[in-house]
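Peer 1: Dumping the structure here so I can ask a few things about it.
Quick note: the coordinates plus some simple rules give every number you see, no bench work behind them. As the structure is a computational prediction, the values presented were derived from the model and not from experiment. Quick reminder, even Gly has a Cβ in these numbers, built from the backbone with ideal geometry, and neighbours come from all protein chains shown.
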Ligand SMILES: Cc1cc2nc3c(=O)[nH]c(=O)nc-3n(C[C@H](O)[C@H](O)[C@H](O)COP(=O)(O)OP(=O)(O)OC[C@H]3O[C@@H](n4cnc5c(N)ncnc54)[C@H](O)[C@@H]3O)c2cc1C
């Protein structure tokens, strides 16, 4: 559903998770969405807008998880917003959502970096999902929002060289998500949701197809 009325939403807060990644909380203004969808966001008065997955919500607010990209226009503008600033918001858009008939199957959430964002919204909006989260990051500090997930169902794939002190029950793999998938089974009836960089999505798509997962059961959201 495309939102009509006044598209300007006040920033409520900005919360930094690392030096370059942050959560923007903005007024919801009754915007209705399905978990997995994204909104287009820009500073009010600036013509540039970019897409950001909805990361979390309450009746009063929405959150987006943003990584500031070197030289990037909008992500660096968002990094500097203050409570009270106005953002222009359009949407929601997209079809990267859990349909009623996909819920019973095991769900595999496969993300790199901020690609984890829509999965938090999914576990928030749907009760008792049977999921496994595979999250590829370079540094331990990039475990964005892992506290919202069941650690027993979460596998962190760490491709950087830093030591990671993970909470009890957290599962750590040294290497990329594609390497984990090369070395481990995925049920052939899994419904797989891939979110993040185009390179990861291409690699993982091929691996999953090679494991016998049908293309209908592979859903992708490409960020860049
Ligand atoms: C459907 C969709 C959902 C998205 N959801 C999110 C989200 O939840 N969180 C999020 O942080 N981003 C998300 N993105 C990416 C986001 O829309 C912007 O592309 C990103 O914030 C960069 O915008 P910018 O204006 O700062 O950079 P620009 O000025 O547009 O681009 C600068 C350069 O950075 C490259 N670039 C763009 N994005 C990235 C990236 N993530 N990492 C590295 N290089 C990049 C571009 O290719 C370009 O070369 C999403 C993209 C899409 C299409």
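Peer 1: Can you name every residue in the stretch 114-134 that is within 14 Å of the ligand (Cβ to nearest atom) and in contact with a strand residue (DSSP E or B) (Cβ under 6 Å, 6 or more places away or on another chain)?
Peer 2: Hits for the stretch 114-134 are 114, 115, 116, 117, 118, 119, 120, 121.
Peer 1: In the stretch 78-92, which residue that is surrounded by fewer than 20 Cβ atoms within 10 Å (Cβ to Cβ) and under 11 Å from residue 45 (Cβ atoms) is nearest to the ligand (Cβ to nearest atom)?
Peer 2: 88
Peer 1: Now for a different question. Could you list all residues from the stretch 61-77 that are surrounded by fewer than 18 Cβ atoms within 10 Å (Cβ to Cβ), part of a loop (DSSP other than H, G, I, E, B) and in contact with a strand residue (DSSP E or B) (Cβ under 9 Å, 6 or more places away or on another chain)?
Peer 2: The answer is 72, and nothing else.
Peer 1: Provide a single number: the residues in the stretch 8-33 that are touching a strand residue (DSSP E or B) at 6+ places or on another chain (Cβ under 8 Å) and either surrounded by 18 or more Cβ atoms within 10 Å (Cβ to Cβ) or within 17 Å of residue 145 (Cβ to Cβ) (or both).
Peer 2: Matching residues across the stretch 8-33 total 17.
Peer 1: Take residue 136 and decide whether it is more than 19 Å from the chain's Cα centre (by Cα) and within 27 Å of residue 24 (Cα to Cα).
Peer 2: no
Peer 1: Continuing with the same structure: Of the residues 137, 213, 201, only one is over 21 Å from residue 19 (Cα atoms) and within 15 Å of the ligand (Cβ to nearest atom); which?
Peer 2: 201
Peer 1: Report yes if residue 109 is over 20 Å from residue 17 (Cα atoms) and within 12 Å of the ligand (Cβ to nearest atom), otherwise no.
Peer 2: No: the conditions fail for residue 109.
Peer 1: While we're looking at this one, here's another question. When residues of the stretch 36-60 are filtered for being touching a strand residue (DSSP E or B) at 6+ places or on another chain (Cβ under 7 Å), closer than 22 Å to residue 196 by Cα and either free of Cβ contacts under 8 Å to residues at least 24 places away in the same chain or assigned to a loop (DSSP other than H, G, I, E, B) (or both), how many remain?
Peer 2: So the count comes out to 3.
Peer 1: Of the conditions (1) away from the ligand (no atom under 16 Å from the Cβ); (2) in a loop (DSSP other than H, G, I, E, B), residue 144 clears all except one; give me its number.
Peer 2: (1)
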